[in-house]
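Inspection log for the structure reproduced underneath, given as structure tokens.
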Amino acid sequence: MACPRSDAEIQKNVQTYYGQVLKKSADLQTNACVTAARPVPKHIRKALQNVHEEVSLRYYGCGLVIPECLENCWILDLGSGSGRDCYALSQLVGEKGHVTGVDMTEGQVEVANKYIDYHMEKYGFRTPNVTFIHGYIEKLGEAGIKNESYDIVISNCVINLVPDKQQVLQEVYRVLKHGGELYFSDVYASLELPEEIRTHKVLWGECLGGALYWKDLAILAREIGFSPPRLVAANFITIQNKELESVVGDCRFVSATFRLFKLSKTGPTKRCKVIYNGGITGHEKELIFDVNFTFKKDETVEVDEETAAILKNSRFTQDFLIRPIEEKLPICGGYTALETKDKITDPFKLAEESDSAKSRSSPDVAGGCCGTKKC
């Protein structure tokens, strides 16, 4: 089942797939859009439970893209679909924050807009703090999104649906404030995709045909100006369709969550010691920043130059005491030295480790991918 190669034809096919073919997440042919990536904090579970049933049923996604430290933030959701993540986030940012969803499928935007009043009344907000826009995520300017206007941009299994991924990331970089973050889940391939996969209609709709070779993300991020990608979670994608399985062949796919930061060019940052103060809602005891760094409350942790720069220059700075590596600090809750081993950056390696851990703890647990929305 070949798919026309023009960007316009791909957009049209994706719109049809998500606007007409898929009616609920059970219609998907792979688990790229239906499996939880990691445990969901209690306050986020509660926020998701408050979302209207129809909005949740029309959600297709490959990860939970709700980061930490959200109070009063302005957040942009790329490919917001029926609005599930937006409505959950609108509770978490509060009335002084704001969430904007952009989606190219009119039917999904209509579903999202239908329930604005319902959710604002449920949350007790006098003024709506969520907006939904019909538009294209690689053309945010046309959707009215201004330069440096958002603290956080999220995307849940959507960037793979756009042929020009560099343009999407460039637009994200433009609209983020300095110190801002792109926190996103997406599908990645173990190799450069052959033509047969890249031109397959259903595989495009299922998030596999447009998957980026995982090593290319770091290259794109560097070219655009982002800090190096930080891996948060990864799980293998399985295909429940023999025909699609035969087309895919030896290529493997993972769903992975990464975070990219837009940092000001302030010169080199040195290694530091940091202490997390436990001030982030839902993460009072510890903050799992990514697969390489977990910060426990009151524990002194040595961090590398890149991590120090992020903590100093992002919204996280208020929640950390940051000091030069040579300065002595009172040790109240333990001390973690900076390890010399290489950081984990390969989502396939992480997915393998995750599967092994699941097998050891429970033989019946199958490896999967992420969340439930619009991959």
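Here is how the numbers come out for the structure above:
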item: Inverse mean reciprocal Cα-Cα distance (Kirkwood Rh) of the range 272-324, Å; result: 10.8
item: Solvent accessible area, Å² - Cys272, 1.4 Å probe, full protein context; result: 10
item: Net charge over other residues, Cβ less than 13 angstrom from the Cβ of Arg323 (K, R count +1; D, E count -1); result: +2
item: Label-to-label distance, nm, for residues given as Asp342 and Leu329 (7 Å Cα→Cβ offset); result: 2.9
item: Inter-label distance, nm, simple model (7 Å from Cα along the C-beta direction), Glu110/His43; result: 3.7
item: Violating pairs (Cα-Cα greater than 30 angstrom) within the set Lys46/Lys165; Lys139/Lys201; Lys42/Lys96; result: Lys46/Lys165
item: Surrounding net charge for Gly97, when Lys and Arg each add one and Asp and Glu each subtract one, Cβ distance under 9 Å; result: -2
item: Partner aspartates and glutamates for Lys215 [C-alpha distance under 15 Å; skip if fewer than 8 residues away on the same chain]; result: Asp186, Glu192, Glu223, Asp346
item: Estimated inter-spin distance, Glu142 and Arg174, nm [label 7 Å along Cα→Cβ]; result: 1.2
item: Antiparallel content of DSSP bridges confined to the range 17-262, in %, to 5; result: 40
item: Centre separation in Å (Cα based) which lies between the range 184-223 and the range 92-112; result: 26
item: Cα-based convex hull volume of the range 225-272 per residue, rounded to whole Å³; result: 124
item: Coarse-grained scattering of the range 17-262 at q = 0.08 Å⁻¹, given as base-10 log I(q)/I(0) from a Debye sum over alpha-carbon atoms; result: -0.28
item: Compactness relative to 2.2 N^0.38 Å, alpha carbon Rg of the range 136-262; result: 1.08
item: Nearest-0.05 FRET efficiency for Ala357 and Asn50, computed from C-beta distance (R0 35 Å); result: 0.65
item: Heavy-atom accessible area ranking, 1.4 Å probe, most first, across Ile288, Ile116; result: Ile288, Ile116
item: The range 94-130: trypsin sites (Lys or Arg not before Pro) falling in loop per DSSP and having at most 10 other Cβ within 10 Å; result: Lys96, Arg126
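The values are calculated or read from the model by the stated rules, or taken from the named source; none is laboratory data. Note that the coordinates shown come from a computational prediction; the quantities given were computed from them, not determined experimentally. Cβ coordinates were reconstructed from backbone atoms using ideal geometry, including for glycine residues, and neighbour counts include every protein chain displayed. For the accessible areas, the whole protein counts, side chains as well, though only heavy atoms, and no ligand, DNA or RNA atoms are used. Shrake-Rupley method; radii C 1.70, N 1.55, O 1.52, S 1.80 Å.
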